[in-house]
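Have a look at this one before I ask anything.
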Amino acid sequence: MNNHKQFFAALSNEGRLEIVNALSNGPLNVSQIVISTGFKQSRVSRSLDCLSCCGFVSAVKNGRERIYKLNDSVMHVLKAIEKHEMSTKNQCKCGVEKKNGHRCDM
């Protein structure tokens, strides 16, 4: 269960989540992530360290730079989450399909 907590804790930070979203389009170096997210380089580097420790990303050296990419196992989980979101798009937070007249206090 602790692995699940660590996984979702890593994604609970908006900055890390935005970096994960940027990397979901393909491998990037730090400068490209800075441009994509608009974050300062130091924030991106700290976030990448965390994401690397949690097993979200891996890096390959390319000369003086490192190219970061999402690990395949993370991509599978993110695709499953996206599929789930699409399948529940028309459901209320309570789980009932949204229809005319459905009222919910959630």
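Restricted to region 46-77, and to residues that are among the small types (Gly, Ala, Ser) and assigned to a strand (DSSP E or B), which residue is nearest to the chain's Cα centre (by Cα)? Lay out the reasoning, then the answer.
The initial filter retains those residues of region 46-77 that are among the small types (Gly, Ala, Ser), namely 47, 52, 55, 58-59, 63, 73.
Filter once more, keeping what is assigned to a strand (DSSP E or B): 58-59.
Values: SER58: 14, ALA59: 16 Å.
Residue satisfying both the conditions and the ranking: SER58.
Within region 5-45, count every residue that is outside any helix (DSSP H, G or I) and in contact with a strand residue (DSSP E or B) (Cβ under 7 Å, 6 or more places away or on another chain).
4
Against the conditions (1) outside the structural domain of VAL30 (by TED's automatic domain parsing); (2) at pLDDT 75 or above; (3) at positive phi, where does LYS79 fall short? Just the number, please.
For LYS79, the exception is condition (3).
Restricting to region 5-30, give me the number of residues that are among the polar types (S, T, N, Q) and under 15 Å from LYS69 (Cβ atoms). Don't jump to the end; show me each part of the working.
Taking region 5-30 first, the residues among the polar types (S, T, N, Q) are 6, 12-13, 21, 24-25, 29.
Right, trim to under 15 Å from LYS69 (Cβ atoms) and you get 21, 24-25, 29.
Qualifying residue count, region 5-30: 4.
Within the group SER58, SER36, SER42, SER47, which residue is of a type outside the set (Asp, Glu) and touching a Gly at 6+ places or on another chain (Cβ under 6 Å)? Break it down into steps so the answer makes sense when it comes.
Working: SER58 fails: touching a Gly at 6+ places or on another chain (Cβ under 6 Å); SER36 fails: touching a Gly at 6+ places or on another chain (Cβ under 6 Å); SER42 fails: touching a Gly at 6+ places or on another chain (Cβ under 6 Å).
Selected residue: SER47, the only one of SER58, SER36, SER42, SER47 that is of a type outside the set (Asp, Glu) and touching a Gly at 6+ places or on another chain (Cβ under 6 Å).
The values are calculated or read from the model by the stated rules, or taken from the named source; none is laboratory data. None of the values given here were measured: they were computed from a predicted structure. Methodologically, a virtual Cβ is constructed for each residue, glycine included, from the backbone with ideal geometry; neighbour enumeration extends over all protein chains shown.
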